[in-house]
1. Can you pull out every residue in the range 49-64 that is open to solvent by 10 Å² or more (accessible area, probe 1.4 Å) and in contact (Cβ under 8 Å) with a residue 60 or more places away in the chain?
2. Would you list the helices (runs of 4 or more DSSP H) that sit entirely within the range 51-152 and hold 1 or more residues that are within 28 Å of PHE205 (Cα to Cα) and out of contact with any Ser or Thr (no Cβ under 9 Å at 6 or more places or on another chain)?
3. Name the single residue, out of those in the range 434-469 being under 23 Å from the mean Cα position of the chain (by Cα), farther than 30 Å from GLY93 by Cβ and of a type outside the set (A, V, I, L, M, F, W, C), that is surrounded by the most Cβ atoms within 10 Å (Cβ to Cβ).
4. From (1) within 18 Å of PRO122 (Cα to Cα); (2) of a type outside the set (A, V, I, L, M, F, W, C); (3) open to solvent by 20 Å² or more (accessible area, probe 1.4 Å), pick out the condition that doesn't hold for SER202.
5. Which of the residues spanning the range 369-393 are among the aliphatic types (A, V, I, L, M), surrounded by 13 or more Cβ atoms within 10 Å (Cβ to Cβ) and either under 20 Å from the mean Cα position of the chain (by Cα) or farther than 23 Å from THR337 by Cβ (or both)?
6. Would you mind telling me which numbered condition in (1) of a type in the set (A, V, I, L, M, F, W, C); (2) surrounded by fewer than 20 Cβ atoms within 10 Å (Cβ to Cβ); (3) out of contact with any Pro (no Cβ under 7 Å at 6 or more places or on another chain) ALA171 fails?
7. Among the residues of the range 110-166, what is the count of those that are touching a residue at least 24 places away in the same chain (Cβ under 8 Å), among the basic types (Lys, Arg) and surrounded by fewer than 22 Cβ atoms within 10 Å (Cβ to Cβ)?
Amino acid sequence: MSTTIENEPIRRESSRRRPVWSMLWAPMVLVIASFAWALPLITSHSQAFSPVDEWVYYDYLAKIPEQGIVRQGEPLSEESLRLMSCTGVQVYGPMGSRCHASQLDPSKYPFKGITTADAYTPLYFWTTWVGAKATNALGVESMLVAARLTSAIWLAVTMVLFYALLRTVRANNVLIVGLGLCFIGSPAAFWTYSFVSTDAPSLAFGCAILLAARLQVLRRISPWWLIALSVLGTLFKVTNILAVLCAAAYLLVYWILGVEKDSRWSVLRQPRSWRHTGDWRLARTALYATGASIVAQGMWLLVRRLLAVGPIAPQDFDGSFGIDALGHQLINFINGTLVSNVLIVGQSDLGYPLPDYLGRPLTWIALIGVFGILFTKAPLHGARDYDALRWSIAPSAVLLAPLLATALFLTQGFFFHFPSRYGLALAASFLLMFAMLLREKRYVNWLVLLYGLALVVWGLRYSTLPTSV
C-alpha cells in the first residue's frame, strides 16, 4: 500500500485573461503609498541619528570607499564621533565630548566609541552605499539623508513582494492593500524605513522566502530559488533566518500531511523510507535551505573573527539566560513586532507617539490571524495546504524567538531580551494568516483598509509637526 496520498490541488487563478489594471492597481497603490508616506517623514527628520543604532550604521557607510568592511573592535571615525557630539541622537540630543572640543574622548561615547556594526556582513551597507550615491547624483547632498532614502526603496520592494505572497492564498486586493497600509503606518515601519536601518530588508526577505516556499509547493520554481534566497537573507541579517525556519517548517508539515495518517509515525521513525514518500523533494529543499543558511552564517562568524582588530564593543546585556527569560520570549514577536517602538529612557514616552487606540489593533491583527485560524475548519478544497500553513506559522510565531535566543547564548555566550523588531522577517506570515482567516469577510476587508489609511494619514500628519523627530 502506498504511504502517500495525492497532493490536493491548490486552486489557481482563473485562466481567463484579466485586465492589466485589475492585476496591477493594488501593488501600484502600495508602492505609491510607500513613497508618499516615507519621503515626507525622511525629509522632516533632522540630521540627528535614530536611537536604533543609526550612528554606527552611518560610520560603516562612511568607511566603505576606503575600507569596504568594518572589523570587530574597530573604533568609530572622528567624523562619526564629531557628529554624535554636535547633532547627537534624536530625542536624546548630543552625546560624548563637547561639539567643538579639540580632542574627543572615546570613553564618553556609547560603546566606548567602538563600532557594533561589525556583527553584520557588508551586504546591507554596500547596497545602501550604492543607493545613497545614486541619490547623491540626483541632487541630495547629505549622505545621511541619501542613505535614509534607500530605506523607502526597500519599503516599496517589500510591498510588491507582500502583494505577491498574499495573492497565493487568494486574498482580495482590498484586503491586501489594507494590510499593506497597516504595516506602512506602523511604528515598526517608522523606525525601519525612515532611517538607516539594517532591518529594512527583513520583511522583504520574509515575503520572498515564504513566497518561494509557496511556489515550491505549486511546482512553479526551482528549489534553488528558495535555497539562494535563504542564504542571501541570512547574510543580510542573521535574524532573517527566522523566515527561513518558518518556510522550512511549512514545507516539512506539507510533506508530513502528504503521508497517510495511519502511516505517519512509522514513516517518520524510518529515515531510510523518507525519500520514497510523496513530496520528499519539499522536505529535502527545506533541509537544504536551513542547512545552507546556518553554514553561511557560521562562515561569516569565522571571517569576522579572523578580521577582528580588538574585542567586541562593551555593551550592557540586560538579562540572564534561563527558563523564565525564554518564557518571556514566547509572545515577543507576535505581540510586539508590528508596534515595535523606541521607549525613551527615563521617560514613559515613546519615540513615535502613535496613540494606543491607533496602535493596539495592529497587535490584534497579528494575534487574531495566527491563533484564530487554529480554531477554524480547513476548507474541503486545499485542506492540506491550509493546515500546513497554519500548523507551521503558529508554532514558528511562538517558538522561534526563544530558539534564536538559545542559539545566541550557545554560540556567543551572552543573552539579552530581543527587541520585538527582530521579528520583522516573520511579520508577513502573521498578516498572511489574518488574510487567510478573513479574506471572505467583505466588511472586515473594508474596515482593515480604513484602519490602514488612518495609520498612514496619522504618520503624514506627524511629519508636519515641529516636534517630530
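The values are calculated or read from the model by the stated rules, or taken from the named source; none is laboratory data. What you see is a predicted model; the values in this text were computed from it and never measured. Because the Cβ atoms are built from the backbone with ideal geometry, glycine has one as well, and the counts that use them run over all protein chains shown. For the accessible areas, the whole protein counts, side chains as well, though only heavy atoms, and no ligand, DNA or RNA atoms are used. Shrake-Rupley method; radii C 1.70, N 1.55, O 1.52, S 1.80 Å.
1. Correct list: PRO51, VAL52, ASP53, TYR58, ALA62, ILE64.
2. Details: elements: 54-63, 78-86, 123-137.
In the range 51-152, 123-137 are the helices (runs of 4 or more DSSP H) which contain 1 or more residues that are within 28 Å of PHE205 (Cα to Cα) and out of contact with any Ser or Thr (no Cβ under 9 Å at 6 or more places or on another chain).
3. GLY452
4. (3)
5. VAL370, ALA378, ALA383, LEU389, ILE393
6. Going through (1) of a type in the set (A, V, I, L, M, F, W, C); (2) surrounded by fewer than 20 Cβ atoms within 10 Å (Cβ to Cβ); (3) out of contact with any Pro (no Cβ under 7 Å at 6 or more places or on another chain) one by one, ALA171 breaks only (2).
7. Summing the residues that are touching a residue at least 24 places away in the same chain (Cβ under 8 Å), among the basic types (Lys, Arg) and surrounded by fewer than 22 Cβ atoms within 10 Å (Cβ to Cβ) in the range 110-166 gives 1.
Yes/no per residue for (1) at pLDDT 85 or above; (2) part of a loop (DSSP other than H, G, I, E, B); (3) of a type in the set (Gly, Ala, Ser):
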| residue | (1), (2), (3) |
| --- | --- |
| LEU354 | yes, yes, no |
| LEU362 | yes, no, no |
| PHE371 | yes, no, no |
| HIS381 | no, yes, no |
| TYR386 | yes, no, no |
| ILE393 | yes, no, no |
| PHE409 | no, no, no |
| PHE414 | no, yes, no |
